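Quick notes on the structure that follows.
The values are calculated or read from the model by the stated rules, or taken from the named source; none is laboratory data. Fair warning: this is a prediction, and the values are worked out from it, not measured in the lab. Glycine gets a Cβ as well: all are built from the backbone with ideal geometry, and neighbour counts include every protein chain shown. The area values use the complete protein model at the heavy-atom level, side chains included, leaving out ligands, DNA and RNA. Shrake-Rupley method; radii C 1.70, N 1.55, O 1.52, S 1.80 Å.
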Amino acid sequence: SGEGGSFSESVQLFEVRARAVGPNFAVTKKNFQSVSELCVRLDGFPLALEFAAAKSRIFSPSEMVEQLDDRFEFLVQKASGHHRRQMSLLEALDWSFDRLPAADQHLLCRLSIFDGGFTHDAVERVCKATQSGSQVESLCAAAWIERSSDPGPSRFRLLESVRDYAALLLPPRDRDKTSRAHASYYLELSEKCLAASFMPAEPILHGLV
């Protein structure tokens, strides 16, 4: 699950919300693996888990996992009586995204090019962000990105749902440009690592049998 909560908390949240829909629902040995995968795929994102749990009326956890490749079509709540921004995961993200400064919106979309974690340096080089430090701080504060708890240089990541959402909003021209910068950055990084680890071969000692 995401940095914001433990894996067990995500499973518990899903079970509680699913029971609100169907009192007989329970996490069992038979469905635990599917529930676990669902929580991992949704990064323990509480809002996404809420929408998924509402689907337990008609889908099993394993069936939900199969539909996550199109999560924005799947995670829609049809129940009445909710504010519009709570009706789907996509609308909820739209509502939050619209409240970001334009510069942060642009950066968030470009960050979707990273298929894993990224550093401050990567943000500056790949996304051409001149104020990357303050923007990353702003996006972290708004829970759009999260900092890894691993030791060493700071690394960040987008939750899978957020990355999919941001990728939808990235214009094709910006995607192509950012993809080229991404490839160039990591090629240069790989070459530096290779050069740093290169050990010249020992000289051949002639005259030895």
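Checking Glu91 against (1) surrounded by 12 or more Cβ atoms within 10 Å (Cβ to Cβ); (2) at pLDDT 95 or above; (3) closer than 18 Å to Leu168 by Cα, only one condition comes out false. Which one?
Against the list (1) surrounded by 12 or more Cβ atoms within 10 Å (Cβ to Cβ); (2) at pLDDT 95 or above; (3) closer than 18 Å to Leu168 by Cα, Glu91 comes up short only on (2).
Just checking, which of Gly133, Gly117 is more than 18 Å from Arg180 (Cβ to Cβ) and surrounded by fewer than 13 Cβ atoms within 10 Å (Cβ to Cβ)?
Numbers: Gly117 fails: surrounded by fewer than 13 Cβ atoms within 10 Å (Cβ to Cβ).
Criteria check complete, one pass: Gly133.
State the number of residues belonging to the stretch 120-153 that are basic (Lys, Arg) and either over 27 Å from Leu89 (Cβ atoms) or modelled with pLDDT under 90 (or both). Reasoning before the result, please.
So in the stretch 120-153, the residues basic (Lys, Arg) come out as 125, 128, 147.
Still in the running and either over 27 Å from Leu89 (Cβ atoms) or modelled with pLDDT under 90 (or both): 125, 128.
Result for the stretch 120-153: 2.
Going residue by residue through the stretch 7-25, is there one that turns out to be surrounded by 15 or more Cβ atoms within 10 Å (Cβ to Cβ), under 16 Å from the mean Cα position of the chain (by Cα) and under 25 Å from Arg157 (Cβ atoms)?
Yes, there is a match, as at least one residue in the stretch 7-25 is surrounded by 15 or more Cβ atoms within 10 Å (Cβ to Cβ), under 16 Å from the mean Cα position of the chain (by Cα) and under 25 Å from Arg157 (Cβ atoms).
Can we say Ser138 is more than 13 Å from Val162 (Cβ to Cβ) and open to solvent by less than 60 Å² (accessible area, probe 1.4 Å)? Lay out the reasoning, then the answer.
Details: more than 13 Å from Val162 (Cβ to Cβ): yes; open to solvent by less than 60 Å² (accessible area, probe 1.4 Å): yes.
Spelling it out, Ser138 is indeed more than 13 Å from Val162 (Cβ to Cβ) and open to solvent by less than 60 Å² (accessible area, probe 1.4 Å).
Given the criteria modelled with pLDDT of 75 or more and among the hydrophobic types (A, V, I, L, M, F, W, C), does Ala166 qualify? Talk me through it step by step, then tell me what you get.
On the way: modelled with pLDDT of 75 or more: yes; among the hydrophobic types (A, V, I, L, M, F, W, C): yes.
Yes, satisfied.
Scan the stretch 144-159 for residues that are open to solvent by 40 Å² or more (accessible area, probe 1.4 Å) and under 11 Å from the mean Cα position of the chain (by Cα) and report the count.
1
Within 25 Å of Ala52 (Cβ to Cβ) and among the polar types (S, T, N, Q), is that true of Ser112?
yes
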